[in-house]
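Below is one structure; the comments refer to it alone.
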Amino acid sequence: MEQDSPDIPVFPPLAFGLALIGAILLGLWLPIGLLPDFLRWPGVLVGAFIMVVAISIAVSGVRAFRRAGTNVNPHQPALTIVQDGSFRCTRNAMYLGMVLLVLGYGITASTLWGVIAAVILWGVLHFGVVRPEERYLSAKFAEDYQALLKATPCWL
């Protein structure tokens, strides 16, 4: 019996949680500042804004999946291709939201660890989740997914 889901080695919410907790703990254990003192408060505002945008993107993505009647969990079958909500601008809205949330935390807390964790999270999601999902969706939805690949950017 063939498996009807992408064979991904990473569960995205777990990767996100580990990245965020790792950035927080490393920031406490070995602080490496990101912004000079005179940019601390503007950084808090910029970081908070990025986090609000990140949450909005991710929530819009989850809502779009639910409206379309497809599974949010990437270990379950994709039932349709979603192209509304934040998926009009990116093929990976929920993952983009996760990466931006970690980045926003790093800027808000003025810790380089947040930026490093966001970059690592992006790499883990891109190569460990997005690439296998794209192979799966290309095989399952063929021409419809190929059209989406041409019309909508992978990340931004």
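The values are calculated or read from the model by the stated rules, or taken from the named source; none is laboratory data. Bear in mind that the values here come from a model prediction, so they are computed numbers and not experimental data. Ideal geometry is used to build each Cβ from the backbone, glycine not excepted, and the neighbour counts take in all protein chains shown.
Values computed for the structure shown
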quantity	calculated
Candidate set: segment 4-29, residues that are small (Gly, Ala, Ser) and in contact with a strand residue (DSSP E or B) (Cβ under 9 Å, 6 or more places away or on another chain); chosen: the one surrounded by the most Cβ atoms within 10 Å (Cβ to Cβ)	ALA23
Single condition ILE32 does not satisfy, out of (1) closer than 25 Å to ARG135 by Cβ; (2) surrounded by fewer than 19 Cβ atoms within 10 Å (Cβ to Cβ)	(1)
Given (1) aliphatic (A, V, I, L, M); (2) outside any helix (DSSP H, G or I); (3) farther than 30 Å from ALA147 by Cβ, number of the condition ALA23 does not satisfy	(2)
Cross-chain or 6+ apart pairs with Cβ under 6 Å, segment 144-156 first and closer than 13 Å to ILE81 by Cα and of a type in the set (Val, Ile, Thr), then surrounded by 14 or more Cβ atoms within 10 Å (Cβ to Cβ) and modelled with pLDDT of 95 or more	THR152/ARG91
